[in-house]
Amino acid sequence: MRVDKYLKNSRLIKRRTMAKKACEQGRVIINEKIAKPGDEVKPGDIIEIKLGTGSTKVEVLSIKDNVAKNQSEELYKHLKGF
């Protein structure tokens, strides 16, 4: 799954356009490499997001196309952050 779509589905970022813009600005890092919006994400990847003055780091646990709001936190595990 594309990283911009994953960030939206997991609700780490509210909108896919915002996720795409964050990737284009170099604010999203996958496995210590700056991510492009179309980069693929798979279980086990570490994603770091730097927004504003804070940052968050998560591990991808699973990938799903359709996720209910109350199930979004099942897609990742927080490692550090907000």
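Every read-out reported here was derived from the displayed coordinates using simple, explicitly stated rules and does not represent laboratory data. Since we're looking at a predicted model, the values are computed, not measured. All Cβ positions, glycine included, derive from the backbone under ideal geometry; neighbour counts span all protein chains shown.
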Which log10 I(q)/I(0) values, to two decimals, does the chain give at q = 0.11, 0.17, 0.25 Å⁻¹ under the Debye formula with one point per Cα?
-0.23, -0.56, -1.34
Looking at the chain, which longest stretch skips every one of the trypsin sites (Lys or Arg not before Pro) that is in a DSSP loop with at most 15 other Cβ atoms within 10 Å, leaving the sites themselves out?
16-63
Assign unit charges at the C-beta atoms only (+1 for Lys and Arg, -1 for Asp and Glu), then state the dipole size of the chain relative to its Cα centre in Debye, rounded to the nearest 20.
360 debye
Arranged by the count of other C-beta atoms within 10 angstrom, fewest first, what order do GLU24, GLU48 take?
GLU24, GLU48
